[in-house]
Structure formats: C-alpha cells, structure tokens
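Trainee: First the structure, which I've put down as structure tokens, then a few questions once you've had a look.
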Amino acid sequence: RLARDKVCLRPWGFTVRLHEFGGACLVDGVEPLSPADAAEDISGWTSRESPSGLQLHDMIICIGGKSVGNMTMPELQIELDVCGPELMLVVSRFDTQDMDANRDSITLEDLAMDWHDI
C-alpha cells in the first residue's frame, strides 16, 4: 500500500516499463523518500528481512484491483493518476538474496523469470 498527500500533488515516486516479452509491468526506478520507497506490505507474505517499499524489477500485477496484463503505458498512467491518495498494488518480487552482486546493479538479463507474489 502506498500513501501520498490528500490532494495528490506529490507523485508516487516510481517509474515502470513494459517488458518486451509478454508485456510485464516492471518497476524501473524508485525515488528515495518517496511514497513508493515507503510502501507498506500488507500481505503478510514477506519476512521482516525483506526490504519494504517497491524495489527495482518488482513486477506489478494489479493496480487498485485491476490487472495490468495487456495494458499500454497510457492505460497504466491513467490507473496511477485516478487512484487518489492511496494506491493498492499487487506485486511479485524476484528474490535476489542469494545473488552476490549488488541489488541495484542486477539487470533483467541476470534474472530468470522466478518472481514470487508479495
């Protein structure tokens, strides 16, 4: 769950891109100290050691209860714009804990399609 100011002047603080294979909606960047960086996991599926907030390469499955599968970038932007001061996302995260490289330097080419829902 992401929360921002009541009049929605502040942006969510993350960027996405559609992956070339299958059109998966992937988090491409997260601004420090933004609502995306401070996102709260309300699923209960992740451990306390897992980082909170959106992370690079998280796959967004749903925005506000709507599946993002087959959405275009303009459709995604509209969904993000109309949700108001609170945004509910369903996200799948690739587990990079066992990788030796710095999380921020991992590319999509380094990852297998092995995300888990959070």
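Trainee: Looking only at residues in the range 11-45 that are more than 12 Å from the chain's Cα centre (by Cα) and on the phi > 0 side of the Ramachandran plot, which one is least open to solvent (accessible area, probe 1.4 Å)?
Mentor: Gly23
Trainee: Further, regarding this structure: Taking the residues in the range 1-35 that are assigned to a strand (DSSP E or B) and in contact with a Pro (Cβ under 9 Å, 6 or more places away or on another chain) as candidates, determine which candidate is modelled with the highest pLDDT.
Mentor: Among those residues, the one meeting the criterion is Phe14.
Trainee: I'd like to know if the range 48-60 contains one or more residues that are at pLDDT 85 or above, exposed (fewer than 12 other Cβ atoms within 10 Å of the Cβ) and on the phi > 0 side of the Ramachandran plot.
Mentor: No - not one qualifying residue is present in the range 48-60.
Trainee: All but one of (1) open to solvent by 30 Å² or more (accessible area, probe 1.4 Å); (2) touching a helix residue (DSSP H, G or I) at 6+ places or on another chain (Cβ under 7 Å); (3) of a type in the set (A, V, I, L, M) hold for Ile63; state the number of the condition that does not hold.
Mentor: (1)
Trainee: Looking at the range 6-33, which of its residues are in contact with a Lys or Arg (Cβ under 8 Å, 6 or more places away or on another chain) and either among the acidic types (Asp, Glu) or over 17 Å from Ile63 (Cα atoms) (or both)?
Mentor: Arg10, Asp28
Trainee: Just wondering, is there one or more residues in the range 84-95 that are closer than 14 Å to Leu26 by Cα, at pLDDT 65 or above, surrounded by fewer than 18 Cβ atoms within 10 Å (Cβ to Cβ) and within 16 Å of the chain's Cα centre (by Cα)?
Mentor: Among the residues of the range 84-95, at least one is closer than 14 Å to Leu26 by Cα, at pLDDT 65 or above, surrounded by fewer than 18 Cβ atoms within 10 Å (Cβ to Cβ) and within 16 Å of the chain's Cα centre (by Cα), which makes the answer yes.
The values are calculated or read from the model by the stated rules, or taken from the named source; none is laboratory data. As the structure is a computational prediction, the values presented were derived from the model and not from experiment. We place every Cβ from the backbone using ideal geometry, glycine too, and count neighbours over all the protein chains shown. These accessible areas exclude ligands, DNA and RNA; they are computed on the full protein's heavy atoms, side chains included. Shrake-Rupley method; radii C 1.70, N 1.55, O 1.52, S 1.80 Å.
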